[in-house]
Amino acid sequence: MNALAQELAELIRQEGPIGVSRYMALCLGHPRHGYYMKQDPFGADGDFTTAPEISQIFGELIGLWAASAWQAMGAPSSIRLIELGPGRGTLMQDMLRAARVLPGFRDALSIHLVETSPVLRERQKETLAACGVEPRWYDRIDQALEGPAIVVANEFLDALPLDQFVHTPEGWRERLVGLGDQGRLGFGLAGEPDCSLSLIAPAGSVLEQPAAASEAVATVARHVAIEGGAGLFIDYGPARSGFGDTLQALKRHEFVDVLAEPGDADLTVHVDFARMAQAGLAAGAAAHGVVTQRDFLLALGLQQRFEALSRRATPEQAEMLASGVERLIETGPTAMGELFKVLAVADPKLPLLPGFDLHRLPEQG
Ligand code: SAH
């Protein structure tokens with residue numbers, strides 16, 4: 001048992017079994033042993049790789065998307081560009097490079113990062129200093145929001161804790177982490193059903209309640225609906241709500257037992273995009289999407305950007321670019337192009353934003 005497992009066991013002995021959201025929050029955010037608190041998890045040597053680390057084109061296209069959103073807002077002279085969970089700062093760096101094509105946009109921007117990890121804040125600082133940018137950091141989303149804002153979040157919502165409930169003949173009982181054989185962490189169910197849940201489902205179905213992710217989307221949506229702007233959320237998960245346990249742990253690019261190495265493996269969930277869109281709408285914003293990452297990136301001009309870069313590249317670089325692009329848009333139930341979805345919550349006064357106008361019917365004459 002690692003140090004965090006021992007600490008969790010002690011907590012459970014004292015207070016009883018804990019909910020999945022508390023388990024997740026401690027695994028990821030414990031001040032000393034939390035996964036994001038002590039390491040940089042990205043890249044080939046790390047535990048997982050994200051789209052901005054796969055290809056610079058990803059961030060560049062998001063940069064162009066942000067520039068279009070700014071234009072649609074009437075090109076305000078001052079606007080916050082806010083990123084939630086910026087990782088190594090790569091996405092922001094690539095966005096800002098692309099933003100230079102619209103000089104007025106780059107001049108209007110100030111950069112704000114919401115990040116809890118001290119290790120990653122340091123990485124972000126280095127990455128952005130290299131391109132002459134000095135961002136400001138915040139622990140919480142509401143602290144970063146002020147005035148017109150464009151918010152981007154890639155693989156942020158999947159790291160936010162959720163609770164799980166299991167359907168039993170008595171009703172929905174919360175799934176808890178307690179102590180099993182030989183004092184090891186194990187899953188169990190709350191003794192009493194939760195009376196606030198009344199959905200009908202087959203026995204054994206798992207219902208996830210992503211309160212923190214819904215609240216994150218709602219916070220951004222409430223703000224942009226009043227102050228102007230838009231928030232872009234990209235993550236893995238279904239476009240439609242369903243039942244199922246999506247909690248997963250990843251270490252060195254392999255799935256591992258979610259209870260085996262708390263704080264030493266990345267712990268995430270799939271994002272229920274239908275619920276995220278509902279949270280945005282209920283907070284007063286418009287919802288654009290949900291579309292797949294493949295459709296979104298192709299609509300933003302992935303192919304054209306790839307061809308332009310390839311013309312200037314060496315054969316090896318061109319091959320790297322091609323494999324990166326292929327990975328971003330690959331189809332298949334577990335491939336990035338299809339598993340990853342994109343949702344924007346926006347000021348209802350804005351037109352449909354680029355990347356989402358896939359199914360627009362031809363103009364009627
Ligand atoms: N967007 C980056 C990183 C994704 S990993 C990329 O695409 O490469 C998740 C990021 O969210 C990390 O930067 C992590 O430190 C941050 N994070 C996780 N939980 C958070 C929370 N509750 N508040 C703020 N940031 C958080």
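Give the residue that is nearest to residue 257 (Cα to Cα), with candidates limited to residues of segment 6-33 that are buried (at least 20 other Cβ atoms within 10 Å of the Cβ) and touching a Gly at 6+ places or on another chain (Cβ under 8 Å).
Restricting to residues being buried (at least 20 other Cβ atoms within 10 Å of the Cβ) and touching a Gly at 6+ places or on another chain (Cβ under 8 Å), the top hit is 27.
Among the residues of segment 239-281, how many are surrounded by fewer than 21 Cβ atoms within 10 Å (Cβ to Cβ), touching a Ser or Thr at 6+ places or on another chain (Cβ under 9 Å), closer than 19 Å to residue 38 by Cα and among the hydrophobic types (A, V, I, L, M, F, W, C)?
Of the residues in segment 239-281, 1 are surrounded by fewer than 21 Cβ atoms within 10 Å (Cβ to Cβ), touching a Ser or Thr at 6+ places or on another chain (Cβ under 9 Å), closer than 19 Å to residue 38 by Cα and among the hydrophobic types (A, V, I, L, M, F, W, C).
Checking the condition within 30 Å of residue 353 (Cα to Cα), more than 10 Å from the ligand (Cβ to nearest atom) and part of a helix (DSSP H, G or I), which residue from 53, 60 passes? Before the answer, list the steps.
Details: 53 fails: more than 10 Å from the ligand (Cβ to nearest atom).
Checking each option against the conditions leaves just 60.
I'm trying to understand the selection: among the residues of segment 116-142, which are among the charged types (D, E, K, R) and either crowded, with 22+ Cβ neighbours inside 10 Å or within 12 Å of the ligand (Cβ to nearest atom) (or both)?
121, 122, 123, 139, 140, 142 - these are the residues of segment 116-142 that are among the charged types (D, E, K, R) and either crowded, with 22+ Cβ neighbours inside 10 Å or within 12 Å of the ligand (Cβ to nearest atom) (or both).
Just to be sure, is residue 66 within 23 Å of residue 318 (Cα to Cα), within 15 Å of the ligand (Cβ to nearest atom) and either over 14 Å from the mean Cα position of the chain (by Cα) or not β-branched (Val, Ile, Thr) (or both)?
Values: within 23 Å of residue 318 (Cα to Cα): no; within 15 Å of the ligand (Cβ to nearest atom): yes; either over 14 Å from the mean Cα position of the chain (by Cα) or not β-branched (Val, Ile, Thr) (or both): yes.
So residue 66 does not fit the description; no.
Just the residues that are free of Cβ contacts under 8 Å to residues at least 12 places away in the same chain and assigned to a loop (DSSP other than H, G, I, E, B), please, taken from segment 250-266.
Applying the first criterion (free of Cβ contacts under 8 Å to residues at least 12 places away in the same chain) to segment 250-266 yields 254-258, 260.
Result: 257, 258, 260.
Residue check: is residue 71 over 22 Å from residue 217 (Cα atoms), surrounded by fewer than 22 Cβ atoms within 10 Å (Cβ to Cβ) and out of contact with any Cys (no Cβ under 6 Å at 6 or more places or on another chain)? Break it down stepwise before answering.
Values: over 22 Å from residue 217 (Cα atoms): yes; surrounded by fewer than 22 Cβ atoms within 10 Å (Cβ to Cβ): yes; out of contact with any Cys (no Cβ under 6 Å at 6 or more places or on another chain): yes.
Yes.
If you go through segment 226-238 one residue at a time, how many are open to solvent by 40 Å² or more (accessible area, probe 1.4 Å), acidic (Asp, Glu) and within 15 Å of the chain's Cα centre (by Cα)?
Of the residues in that region, 0 qualify.
Select, from 145, 157, 113, 81, the only residue that is open to solvent by less than 10 Å² (accessible area, probe 1.4 Å), within 16 Å of the ligand (Cβ to nearest atom) and in contact with a Ser or Thr (Cβ under 8 Å, 6 or more places away or on another chain). Outline the logic, then answer.
Details: 145 fails: open to solvent by less than 10 Å² (accessible area, probe 1.4 Å); 157 fails: in contact with a Ser or Thr (Cβ under 8 Å, 6 or more places away or on another chain); 113 fails: in contact with a Ser or Thr (Cβ under 8 Å, 6 or more places away or on another chain).
Only one candidate qualifies: 81.
Determine which member of the set 334, 314 is exposed (fewer than 13 other Cβ atoms within 10 Å of the Cβ), under 19 Å from the mean Cα position of the chain (by Cα) and over 30 Å from residue 223 (Cα atoms). Give the derivation first.
On the way: 314 fails: under 19 Å from the mean Cα position of the chain (by Cα).
The conditions single out 334.
The values are calculated or read from the model by the stated rules, or taken from the named source; none is laboratory data. Quick caveat, the model's predicted, so the values are computed rather than measured. Cβ atoms come from the backbone with ideal geometry, glycine included; neighbour counts cover every protein chain shown. Side chains included, ligands, DNA and RNA excluded: accessible areas come from the protein's heavy atoms. Shrake-Rupley method; radii C 1.70, N 1.55, O 1.52, S 1.80 Å.
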